Amino acid sequence: MNFYKNLKKGAVVAAHFGTTHEDTKEKTIDVINKKLKIEFQKLDFFEVYTSRIINRILSKKGINNLNTSQMLEKLYKEGYQHVIVQPTYIINGTEMEALKREVEMFNDKFEDIRLGTPLLSNVDDYFNLIDIVEKDIPELEEDKAIVLIGHGTNHPAFSVYPTLAYIARDLNKPIYVGTIDGYPTVDNVIKELKRDKKTKLVLMPLLFVAGDHAKNDIAEDWKNTLEENGFKVELNLKGLGEIEAIQEIYVEKAKILENTQPEDILLKKAEYAKGKKACH
């Protein structure tokens, strides 16, 4: 299980969706990259942007980033045999599924390659996020609420958003959750806010970086719609990646991989087939 056993040449790779906005990049991606370099001093550090669209836009500006497959192929050819890949995604959605498939394609090329998890991957992650968000926003009056706005997805992982909203409500926290492109919609959130008699709102991105979606979809579309429905709206356009406690969660998720192999469900099923007792 020890990642460093037989280590000769190893790497840690930060896998970011990416951004074309330098202002948010400096506060999020650059900061977490630096932290990973400090924490993994036995390993060489690399980063990838997994969004082909963002990489294409940046290439026109003379900035050439490798995607995951290109980076892993490069590391393989350069003799690396131990690799940790840590994504900075929020959910286990389409991007994470693609990243898993790309990493799996290289399983046979490396002696040990391990993939970390997104921000919201287990139940404790949800409680931690709610606690962090609450601490990041000053104490709220009775009629004021925080509205977290994520990207949204058609992937089955869309359930992350209503789950986060449910846990916040169960904890009696004035935190509501919506999405730019998915469920819950802005109309769903408005219904919840009116039911709870909230009149003042703080909008906050449920996004790692505060790029186009934060500056346009949240700061304009969501804000305008909410104001048209009678709410007083403040903006807290800070990507989650700017919050130190969130940065530390990603680093810790990567650190866990030093002594833990991600579970192989097919191997586990094979053990059950041989007679290992399952827990029900």
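The values are calculated or read from the model by the stated rules, or taken from the named source; none is laboratory data. In this text, all values refer to a predicted model and were calculated from it rather than measured experimentally. Neighbour counts run over all protein chains shown; Cβ positions are idealised from the backbone, glycine included. Note: areas computed on protein heavy atoms with side chains; ligands, DNA, RNA excluded. Shrake-Rupley method; radii C 1.70, N 1.55, O 1.52, S 1.80 Å.
Values for this structure:
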read-out	value
5 angstrom amide H check on I113, placed H, neighbours 5+ away	V83
Taking only Cα atoms of the range 203-266, radius of gyration then Dmax in Å	17.5, 53
Cα-centred dipole magnitude for the chain, charges only on beta-carbon of K, R (+1) and D, E (-1), debye, nearest 20	840 debye
1.4 Å probe accessible area per residue over the chain, in Å²	53 Å²
Cα convex hull of the range 1-89, projected area averaged across orientations, nm²	6.3 nm²
Stokes-Einstein diffusion coefficient of the range 135-280, Kirkwood radius over Cα pairs, 10 °C, 1.306 mPa s, in µm²/s	91 µm²/s
For the range 1-96, size of Cβ-based charge dipole, Lys and Arg +1, Asp and Glu -1, in debye	240 debye
The chain - convex hull of alpha carbons, volume per residue in Å³	144 Å³
Under Karplus coefficients 6.51, -1.76 and 1.60, residue-wise ³J(HN,Hα) of the range 40-45 in Hz, glycine/proline x	10, 6, 7, 10, 7, 9
Centre separation in Å (Cα based) which lies between the range 1-42 and the range 142-196	31 Å
Counting DSSP beta bridges with both ends in the chain, the antiparallel % (nearest 5)	0 percent
Whole-percent carbon and sulfur share, accessible surface of the range 17-88, 1.4 Å	51 percent
Residues with amide H under 5 Å from that of L66, placed H, sequence gap 5 or more	Y49
Of G10, M96, I63, farthest towards positive along the dipole that unit charges on Lys, Arg, Asp, Glu beta carbons give the chain	G10
Residue pairs, from the table K74/K255; K42/K276; K9/K255; K215/K253; K5/K255, whose Cα atoms sit over 26 Å apart	K42/K276; K215/K253
Size of charge dipole - the range 126-194 - debye, nearest 20, with Cβ of Lys, Arg +1 and Asp, Glu -1, no other charges	200 debye
Value of relative contact order over the chain, rounded to a whole percent, pairs C-alpha under 8 Å and six or more apart	21 percent
